[in-house]
Amino acid sequence: MLDGNMEINVDGLIGPSHHFGGLGVGNLASQSSRLQSSSPRAAALEGLAKMELVASLGVPQWYLPPLPRPNWGWLEQLGFAGERSDVLKRCFDFSPVLLSAAYSSAFMWTANAATVAPSSDTLDGTLRVVPANLCSNLHRGQEAAARGEQIATLLAPVSNAKVLPPLPSVMALRDEGAANHMRLCNIDRTRAVHVFVYGADLGNNGMRFIGRQSEFASRQVACALQLDPQDCMFFQQTATAINAGVFHNDVIATSHHNLLIYHEDAFEKSSSCIASLQELFHRRTGDDLKVIQVLRSEVSLQEAVSAYLFNSQLISNSSGAMELICPAQCRDATSVARLIQSWIDDASNPVEQVHFMQLNESMANGGGPACLRLRMDVTKSQLQLLGTQYRVDAVGLMRLREAVSRTYPERLHFEDLARLDFANHIEHAVKELNSIASNDSR
Ligand code: SUG
């Protein structure tokens with residue numbers, strides 16, 4: 001007998017070396033912020049404020065601490081060995097891009113960390129996680145193994161959870177995790193349909209940027225998750241969307257529960273895909289899928305990409321009502337703000353409340369509210385088993401805020417990355433933030 005699922009959120013704590021390297025493939029915000037100075041402290045505090053809001057609305061919230069940076073082992077693999085001050089200098093002189101990648105805080109966007117299927121959905125009844133290999137970006141491939149280990153630590157007390165290896169790191173299997181996956185489900189969240197979204201290869205259909213998720217990867221992730229093939233659908237992103245800066249599906253579509261919101265330009269063969277999805281959803285769950293299609297006459301692709309409407313985080317509050325956590329940029333974009341207000345005013349629309357969050361540092365790198373969190377559906381008994389040391393509650397938040405305010409750089413200029421004292425500062429801050437969970441005796 002299934003005991004019902006509930007959604008938990010796992011956010012990546014933004015790291016002390018958060019900066020603007022211009023490294024995100026097909027990511028217009030990342031490219032236009034390139035080499036500007038950043039504020040790691042403000043970035044992390046913004047991320048914590050979002051976690052606090054989500055937890056206060058009734059969604060159990062966890063965090064993953066930052067990964068060690070600079071990644072000395074990765075630099076060594078690239079041929080930069082020896083005295084650390086010399087390594088930094090040589091790498092910076094040889095290729096600032098490589099040094100930026102070695103310092104990357106892109107692990108903060110945990111929507112890219114993995115794809116998850118709850119135990120209710122898998123053929124062997126285990127909660128399954130496939131960490132994403134992230135191999136289409138120079139700076140992100142290094143996250144895969146370390147994030148996989150952190151997720152495994154988080155889920156270690158849950159005996160029927162399996163964290164699998166990422167898919168092999170080759171371009172044909174490039175995988176960017178939950179940002180390209182939507183799980184639509186019935187009211188108690190135990191019957192679901194999975195939609196995997198992929199992009200085309202460079203050179204196909206006049207692509208300006210490579211689709212960061214391959215179809216091959218989407219299909220293999222579904223297979224590794226042991227989902228019933230009959231519960232899965234595979235949608236292709238349009239070249240128009242990818243060329244306009246839609247580097248992940250969560251930049252142009254979002255879902256929660258039995259609600260799907262997507263832009264008219266999101267998918268190839270959109271009408272037939274959505275019709276088949278509605279039919280499958282009904283057959284699988286007995287419920288009707290609620291679909292909101294946003295027309296380009298309401299919000300253009302360009303506005304969708306700059307305000308990040310679709311990267312808003314949809315959650316159910318403790319009374320079960322849906323709330324939308326939007327980037328503050330959605331309030332400033334007239335057409336987007338008008339559309340959101342029309343949803344709130346419409347009694348038949350399940351979204352009842354909106355919150356505008358300032359996440360400017362993450363947004364300037366192409367990461368909105370939904371990018372910063374990985375959703376997992378767990379049963380009530382699995383929830384009881386999860387450890388509390390990474391739980392975001394009042395005590396945890398106070399400790400994290402204190403450590404971030406004390407140890408994170410207030411400002412980071414790109415040239416700082418080449419200095420040994422700066423690298424030491426970052427390493428120290430990462431250690432401090434990691435020690436909070438390990439020293440937690442609650
Ligand atoms: O992979 N930006 C990230 C943003 C990821 C957003 N995630 C989701 N949409 N789910 C990326 O492009 C920029 C890093 C830099 O330029 O320094 C970056 O990696």
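Check 26, 47, 82 and return the single one that is in contact (Cβ under 8 Å) with a residue 60 or more places away in the chain and outside any helix (DSSP H, G or I).
Numbers: 47 fails: outside any helix (DSSP H, G or I); 82 fails: in contact (Cβ under 8 Å) with a residue 60 or more places away in the chain.
Being in contact (Cβ under 8 Å) with a residue 60 or more places away in the chain and outside any helix (DSSP H, G or I) holds for just one of 26, 47, 82, which is 26.
Would you mind telling me which numbered condition in (1) part of a loop (DSSP other than H, G, I, E, B); (2) of a type outside the set (A, V, I, L, M, F, W, C); (3) touching a Pro at 6+ places or on another chain (Cβ under 6 Å) residue 124 fails?
Going through the list (1) part of a loop (DSSP other than H, G, I, E, B); (2) of a type outside the set (A, V, I, L, M, F, W, C); (3) touching a Pro at 6+ places or on another chain (Cβ under 6 Å), residue 124 breaks only (3).
Filter region 362-392 for residues that are closer than 15 Å to residue 180 by Cα and not in a loop (DSSP other than H, G, I, E, B); which is farthest from the ligand (Cβ to nearest atom)?
In this case the residue turns out to be 376.
Of the conditions (1) on the phi < 0 side of the Ramachandran plot; (2) within 14 Å of the ligand (Cβ to nearest atom); (3) in a loop (DSSP other than H, G, I, E, B), residue 35 fails just one. Which one is it?
Exception for residue 35: condition (1).
Scan region 310-359 for residues that are in a strand (DSSP E or B), within 21 Å of residue 298 (Cα to Cα) and among the polar types (S, T, N, Q) and report the count.
Looking only at that region, the number is 2.
Taking the criterion of being within 15 Å of the ligand (Cβ to nearest atom) and out of contact with any helix residue (DSSP H, G or I) (no Cβ under 8 Å at 6 or more places or on another chain), would at least one residue in region 7-29 satisfy it?
Within region 7-29 (the criterion being within 15 Å of the ligand (Cβ to nearest atom) and out of contact with any helix residue (DSSP H, G or I) (no Cβ under 8 Å at 6 or more places or on another chain)), the answer is yes, since at least one residue qualifies.
Going through region 8-23 one residue at a time, which ones are assigned to a strand (DSSP E or B) and crowded, with 24+ Cβ neighbours inside 10 Å? Give the derivation first.
If we filter region 8-23 for residues that are assigned to a strand (DSSP E or B), which is where we start, we get 8-12.
10, 11, 12 - these are the residues of region 8-23 that are assigned to a strand (DSSP E or B) and crowded, with 24+ Cβ neighbours inside 10 Å.
Taking region 182-219 only, how many residues are more than 14 Å from the ligand (Cβ to nearest atom), part of a loop (DSSP other than H, G, I, E, B) and touching a Lys or Arg at 6+ places or on another chain (Cβ under 7 Å)?
To start, the set of residues in region 182-219 that are more than 14 Å from the ligand (Cβ to nearest atom) comprises 183-196, 198, 200-208, 214-219.
Those left that are additionally part of a loop (DSSP other than H, G, I, E, B): 186-191, 200-203, 207-208, 214.
Filter once more, so that each one left must be touching a Lys or Arg at 6+ places or on another chain (Cβ under 7 Å): 191, 214.
Residues meeting the conditions: 2.
Would you mind telling me which numbered condition in (1) buried (at least 17 other Cβ atoms within 10 Å of the Cβ); (2) within 16 Å of the ligand (Cβ to nearest atom) residue 333 fails?
Looking at each condition in turn, residue 333 falls short on (2).
In region 97-156, how many are within 12 Å of the ligand (Cβ to nearest atom) and surrounded by fewer than 21 Cβ atoms within 10 Å (Cβ to Cβ)?
The total comes to 3.
Is at least one residue of region 144-157 out of contact with any helix residue (DSSP H, G or I) (no Cβ under 8 Å at 6 or more places or on another chain), of a type in the set (Gly, Ala, Ser), at pLDDT 95 or above and more than 24 Å from residue 377 (Cβ to Cβ)? Walk me through how you get there before you give the answer.
First, pick out the residues of region 144-157 that are out of contact with any helix residue (DSSP H, G or I) (no Cβ under 8 Å at 6 or more places or on another chain): 144-145, 148-156.
Then keep just the ones that are of a type in the set (Gly, Ala, Ser); that gives 144-145, 148, 152, 156.
This time we only want the ones that are at pLDDT 95 or above, so: 144-145, 148, 152, 156.
With more than 24 Å from residue 377 (Cβ to Cβ) added as a condition, the list becomes 145.
Yes, region 144-157 has at least one match.
Between a residue in region 249-273 that is basic (Lys, Arg) and any residue that is away from the ligand (no atom under 16 Å from the Cβ), which pairs come within a Cβ distance under 8 Å, given they are 6 or more apart or on different chains?
Hits for this filter: 269/236.
I'm trying to understand the selection: among the residues of region 246-269, which are surrounded by fewer than 17 Cβ atoms within 10 Å (Cβ to Cβ) and not in a loop (DSSP other than H, G, I, E, B)?
Matches in region 246-269: none.
Give 222, 172, 179 a once-over and let me know the one that is within 14 Å of the ligand (Cβ to nearest atom) and part of a helix (DSSP H, G or I). Can you show your working first?
Details: 222 fails: within 14 Å of the ligand (Cβ to nearest atom); 172 fails: within 14 Å of the ligand (Cβ to nearest atom).
One residue alone meets the criteria, 179.
Only residues that are free of Cβ contacts under 8 Å to residues at least 60 places away in the same chain and either not in a helix (DSSP H, G or I) or not acidic (Asp, Glu) (or both): list them for region 92-101, please.
If we filter region 92-101 for residues that are free of Cβ contacts under 8 Å to residues at least 60 places away in the same chain, which is where we start, we get 93-95, 98.
Within region 92-101, 94, 95, 98 meet the criteria.
On the basis of being closer than 21 Å to residue 112 by Cα, within 16 Å of the ligand (Cβ to nearest atom) and touching a His at 6+ places or on another chain (Cβ under 6 Å), does residue 43 make the cut?
yes
The values are calculated or read from the model by the stated rules, or taken from the named source; none is laboratory data. These numbers come from a predicted model, not from an experiment. Note: ideal-geometry Cβ built from the backbone for every residue, glycine included; neighbour counts use all protein chains shown.
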